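Here is the structure we will look at.
The values are calculated or read from the model by the stated rules, or taken from the named source; none is laboratory data. Source: prediction; values computed, not measured. Neighbour counts are summed over all protein chains in view; Cβ atoms, including those assigned to glycine, are modelled from backbone coordinates with ideal geometry.
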């Protein structure tokens, strides 16, 4: 899995007032917790976060807080309800020897038989939550739709992923090919010709 590096600074002025002052300077209050480590409050520069937040990918994050590098993952983000400005970020400390739960993006590959027959592909799950060791986490999970027929779907339970424990419910649909009017017309015409 890809790694992204960020530079942070320890934060001492805690509380609502301190957070407001930081946000005015385009700084984002953050907290790092988990893995039996002590909670750390720190700040990041907002513009340096765009590659981590506004992307379909998931990353392992290396945060340098006053010279000490912490390996973590993005756990939670709070946005302002009106302006969408980042208010706060939670990072979860991870250990490369312990499994970590993270959402991995799905990559659809191939050309579906159902789509060739006039159906419409619907992607319902863009990410799948898995648990694995850091070194076993892929950048994306490929889902081959070549044999996907009209009216059929691929569920999370249909995937076989080496070294990954799937957390997302197995009944969740990843993608399906829906029947369209054009496909119905083509099917009816084919039936008429067979008679």
Check: When segment 47-89 is examined, which residues are found to be within 20 Å of the chain's Cα centre (by Cα), buried (at least 17 other Cβ atoms within 10 Å of the Cβ) and more than 19 Å from residue 132 (Cα to Cα)?
Finding: 49, 52, 63, 86, 89
Checklist line | Of all residues in segment 15-42 being at pLDDT below 85 and in contact with a strand residue (DSSP E or B) (Cβ under 6 Å, 6 or more places away or on another chain), the one that is surrounded by the fewest Cβ atoms within 10 Å (Cβ to Cβ) | finding: 37
Notebook entry, point to check: Does residue 125 satisfy being within 25 Å of residue 39 (Cα to Cα), not assigned by TED's automatic domain parsing to the domain that holds residue 8 and not in a helix (DSSP H, G or I)?
Noted result: no
Next item on the list: Count, please, the residues in segment 128-148 that happen to be assigned to a loop (DSSP other than H, G, I, E, B) and either loosely packed, with under 13 Cβ neighbours inside 10 Å or not assigned by TED's automatic domain parsing to the domain that holds residue 172 (or both).
Entry: 3
Next item on the list: Pull up segment 106-122, narrow it to residues that are modelled with pLDDT of 90 or more and either surrounded by fewer than 16 Cβ atoms within 10 Å (Cβ to Cβ) or not assigned by TED's automatic domain parsing to the domain that holds residue 166 (or both), then point me to the one that is farthest from residue 21 (Cα to Cα).
Entry: 111
Next item on the list: Could you tell me whether any residue of segment 87-110 is free of Cβ contacts under 8 Å to residues at least 24 places away in the same chain and in a loop (DSSP other than H, G, I, E, B)?
Entry: no
Check: Could you count how many residues in segment 154-172 are at negative phi and surrounded by fewer than 15 Cβ atoms within 10 Å (Cβ to Cβ)?
Finding: 10
